[in-house]
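Novice: Let me begin by handing over the structure; questions about it come next.
Read the figures in this text as sums done on the coordinates, not as results from a lab. From a predicted model like this one, the values you see are computed outputs, not experimental measurements. So basically every Cβ, Gly included, is an ideal-geometry build from the backbone, and we count neighbours across all protein chains shown.
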Amino acid sequence: MKSVTIKEVKLHHTNVSLIAPFTTSFGTMQNKDVCLVEVIDESGLSGWGETATSNEPYYNEETTATTVYMLKEFLIPRLIHREIGHPGEVHGMLEFVRRNNLAKAAIETAIWDVFAKKNEQSIAELIGGEKKEIEVGKSIGIQKDPATLVEKVREYVDEGFRKIKVKIKPGADIDYIAAVRKEFPDIVLMADANSAYSLKDIEHLKQLDPYNLIMIEQPLAHDDIIDHARLQRELTTPICLDESIHSVEDTRKAIELGSCKIINIKIGRVGGLSESIRIHDLCKANDIAVWCGGMLETGVGRAHNIQMTTLSNFTIPGDTAPSSHYWEEDIVTPEIIMENGIIHVPTGFGIGYEIDEEKLRKVLVHRETIRTGESAHPIPS
Ligand SMILES: O=C(O)CCC(=O)c1ccccc1C(=O)O
Ligand SMILES: [Mg+2]
């Protein structure tokens, strides 16, 4: 395979606005700055990634500003002008920086894209993903009352979504889920708590068990896998971990402890596609189901999610809904659309979608080009 050497990196700083606010147990999101990372290879090919962050550190500890800082001060200086034989090497090259996974993933995914393009393959082909279509679910933010939620669910079920995920928090949980289940006895339904509960809530959370949820996502603390194991022993509903899993090592420990039966893989949260694949493979070997979560990404992040979801153990519909559910106008072309609850995996090289410069310009705040590995810090070589 042909290696890549990054000649320059363009950071496209954008501000994007969701078509509707999205509320979780940790807050409401509407506007966010997204940094699109374009790596340019010495042959002139571009690869794209994005910072799947929001402006506040409420989901995890990173923000868009911290990802940009890490990229400029540490990650780009480590990677630029170095021959990269395969994108699988990048995760290791960035291990000298602790955590900061969303920042790492922004450039690691861009390198997967440029490498795949250089070798005239889609990322899916490159990683051995065989699915030609992926099943799509819809993540619904917290609504003002159960009746409003039921009408939202109706809209999305009618549209064809294959899974409905409902955000919950104390005060907006059991009666919300009960109302949805009563109206839709057969849909594939789950709840996501984004760490809103503690072990004191065991009896309360047990009240979800009768509603046949395919899982409850991240009920307990963002940094816990011990209490989740205890909770899983008490619940019949499978627990899925999101925030608590940052690596294949975290995955191994969670499986060993029995902290979950399902893992939500987010490329950003685990520091890139290579680590995502390792987690996918370990889960497959241990009969742990996986699915691809979402971070309200633009088309770039969405495209990477689609490519990854072609792997065989992604057996549960993901959160990568079509662009029109998030943006008035996305920045990629063709538009990412859903038909009968599926997205057809594009066959083009790399991420399979093109960046539409005109659409990008509408959300652009400023652009900068980095051509050297200069840094105020010592960077390993
Ligand atoms: O539609 C999507 O992209 C999924 C949205 C979502 O659930 C989410 C969005 C932002 C931060 C965290 C989460 C989550 O999965 O917990
Ligand atoms: Mg989640």
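Novice: Cα to Cα, under 14 Å, and not fewer than 8 places away if on the same chain: which aspartates and glutamates meet these conditions relative to Lys152?
Specialist: Lys152 reaches Glu183.
Novice: Using a 7 Å offset from Cα along Cα-Cβ at Asn15, what residues in the range 283-316 end up with backbone N under 20 Å from the label point?
Specialist: 296-299, by backbone N distance to the label point.
Novice: Could you work out the relative contact order of the chain, using alpha carbon pairs under 8 angstrom and six or more residues apart, expressed as a whole percent?
Specialist: Rounded, it is 23 percent for the chain.
Novice: Round to a whole angstrom and tell me the spacing of the C-alpha centers of the range 193-255 and the range 125-166.
Specialist: Each part reduced to its Cα centre gives a spacing of 21 Å.
Novice: When the helix-only estimate is applied to the chain (DSSP H runs of n ≥ 4, each -39,500 (n - 2.57), divided by the residue count), what is the mean residue ellipticity at 222 nm, nearest 500 deg cm²/dmol?
Specialist: So the calculated ellipticity at 222 nm is -8500 deg cm²/dmol.
Novice: Rounded to the nearest Å, what's the spacing between the alpha carbon centres of the range 303-334 and the range 47-62? Just the number, please.
Specialist: 17 Å
Novice: Another one. Say a paramagnetic label sat at a point 7 Å from the Cα of Arg154, along Cα to Cβ; which residues of the range 330-351 have their backbone N under 19 Å from it?
Specialist: Flagged as within label range: none.
Novice: A further question on this structure: How far is it, in nm, from the label point at Tyr69 to the one at His86 when both lie 7 Å from their Cα along the line to the Cβ?
Specialist: 3.5 nm
Novice: Using Cα-only point scatterers and the Debye equation, what is log10 of I(q)/I(0) for the chain at each q in 0.10 Å⁻¹, rounded to two decimals?
Specialist: The computed values of log10 I(q)/I(0) come out as -0.60.
Novice: Of the residues Gly128, Gly49, Gly318, which exhibits the maximal mean-square fluctuation in a Gaussian network model of the chain defined by a 10 Å Cα contact cut-off?
Specialist: The residue that fluctuates most here is Gly128.
Novice: If you don't mind, there's one more thing I want to ask. Could you state the orientation-averaged shadow area of the convex hull built on the Cα atoms of the range 122-254, in nm² to one decimal?
Specialist: It is 9.5 nm².
Novice: With a point put 7 Å past each Cα toward its Cβ, work out how far Glu42 is from Arg99 in nm, to one decimal.
Specialist: The modelled label-to-label distance comes out at 3.7 nm.
Novice: Report the calculated FRET efficiency for Glu133 and Thr333 (r = Cβ-Cβ distance, R0 = 25 Å), to the nearest 0.05.
Specialist: Using R0 = 25 Å, I get an efficiency of 0.80.
Novice: Relative to the longest principal Cα axis of the chain, at what angle does helix 248-257 sit, 0 to 90 degrees, rounded to 10?
Specialist: On a 0 to 90 degree scale, this one is about 20.
Novice: Picking from Thr333, Thr66, Thr320, which is most flexible by a Gaussian network model of the chain using Cα springs under 10 Å?
Specialist: Result: Thr333 has the largest fluctuation of those listed.
Novice: Something else about it: For the chain, what is the charge dipole size about the Cα centre, in debye to the nearest 20, if Lys and Arg each add +1 at the Cβ and Asp and Glu each add -1 at the Cβ?
Specialist: Dipole magnitude for the chain comes out near 360 debye.
Novice: Taking the range 10-104, how much of its Cα-Cα pair set, in percent, is spaced more than 16 angstrom apart?
Specialist: Cα-Cα pairs of the range 10-104 separated by over 16 Å account for 60 percent.
Novice: Please arrange Ile336, Ile127 by counting, for each residue, the other beta carbons lying within 10 Å of its beta carbon, fewest first.
Specialist: Ascending number of Cβ neighbours within 10 Å: Ile127, Ile336.
Novice: Turning to a different aspect of this structure: Taking the Cα centre of the chain as the origin and placing charges on Cβ (Lys, Arg +1; Asp, Glu -1), which of Ile331, His280, Pro170 is farthest toward the positive end of the dipole?
Specialist: Value computed over the given set: His280.
Novice: Another question, then. Where Lys and Arg each count +1 and Asp and Glu each count -1, what net charge lies around Glu329 among other residues with Cβ under 11 Å from its Cβ?
Specialist: -3
Novice: Could you give the length gained on full extension between Gln121 and Lys144, defined as 0.36 nm per residue of separation minus the Cα-Cα distance, in nm?
Specialist: Gain in length upon complete extension: 3.7 nm.
Novice: Right, next: Report the GluC sites (Glu not before Pro) located in the range 43-113 that are in a DSSP loop and have at most 15 other Cβ atoms inside 10 Å of their Cβ, or state none.
Specialist: Answer in residue order: Glu61, Glu95.
Novice: Taking the range 138-209, which trypsin sites (Lys or Arg not before Pro) meet the DSSP loop condition and have no more than 10 other C-beta atoms within 10 Å?
Specialist: Lys144
Novice: Kindly write out, for the range 157-174 in residue order, the coupling ³J(HN,Hα) from the Karplus curve 6.51 cos²θ - 1.76 cosθ + 1.60 (θ = phi - 60°), rounded to whole Hz, with x marking Gly and Pro.
Specialist: With the stated coefficients, the range 157-174 comes to 5, 4, 6, x, 4, 8, 8, 10, 10, 10, 6, 10, 7, x, x, 9, 9, 4 Hz.
Novice: When you count, for each residue, the other Cβ atoms within 10 Å and take the mean per peptide, how do 187-195, 7-15 rank with the highest first?
Specialist: Order by mean packing, descending: 187-195, 7-15.
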